[in-house]
Amino acid sequence: MASINSSFQKLPRLVQVLLLIIPGIGWITEIVVRLSAFIHGKGTNQIIALILAIFIPFFGWVDVVWVLLYKKLILT
């Protein structure tokens, strides 16, 4: 079974960026993708990134830039 994280990485870059820049949807997308990565074995980094995504709104914009450059969320 594919994880949501790998499904997110297979999306076109434009769709990834749109999902992240829409207020509310971007926050939920980040949380769901990070929880999926955590469940599928990328533990410590994902907990740190999840806490940052929940409590520091600026972290979402860092993820948008990271997706533009590397086509995946930071620390995934």
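The values are calculated or read from the model by the stated rules, or taken from the named source; none is laboratory data. These numbers come from a predicted model, not from an experiment. Neighbour counts are summed over all protein chains in view; Cβ atoms, including those assigned to glycine, are modelled from backbone coordinates with ideal geometry. For the accessible areas, the whole protein counts, side chains as well, though only heavy atoms, and no ligand, DNA or RNA atoms are used. Shrake-Rupley method; radii C 1.70, N 1.55, O 1.52, S 1.80 Å.
Quick notes on this one:
- Residues of region 32-46 satisfying the condition of being open to solvent by less than 30 Å² (accessible area, probe 1.4 Å) and aliphatic (A, V, I, L, M): Val33, Ala37
- Pairing each residue of region 39-56 that is free of Cβ contacts under 8 Å to residues at least 12 places away in the same chain with any residue that is in a helix (DSSP H, G or I) and not hydrophobic (A, V, I, L, M, F, W, C), provided the two are 6+ apart or on different chains, yields C-beta distances under 9 Å for Ile47/Arg34.
This table checks each residue for (1) within 9 Å of the chain's Cα centre (by Cα); (2) among the β-branched types (Val, Ile, Thr); (3) modelled with pLDDT under 85.
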| position | (1), (2), (3) |
| --- | --- |
| Ser7 | no, no, no |
| Arg13 | no, no, no |
| Leu19 | no, no, no |
| Gly43 | no, no, yes |
| Phe55 | no, no, no |
| Asp63 | yes, no, no |
| Lys72 | yes, no, no |
| Thr76 | yes, yes, yes |
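- Considering residues of region 1-28 that are without any contact (Cβ under 8 Å) to a residue 12 or more places away in the chain and farther than 16 Å from Lys72 by Cβ only, the residue least open to solvent (accessible area, probe 1.4 Å): Gly24
- Scanning region 47-76 for residues that are open to solvent by 70 Å² or more (accessible area, probe 1.4 Å), farther than 20 Å from Lys10 by Cβ and not β-branched (Val, Ile, Thr) returns Phe55, Pro57, Phe58, Trp61.
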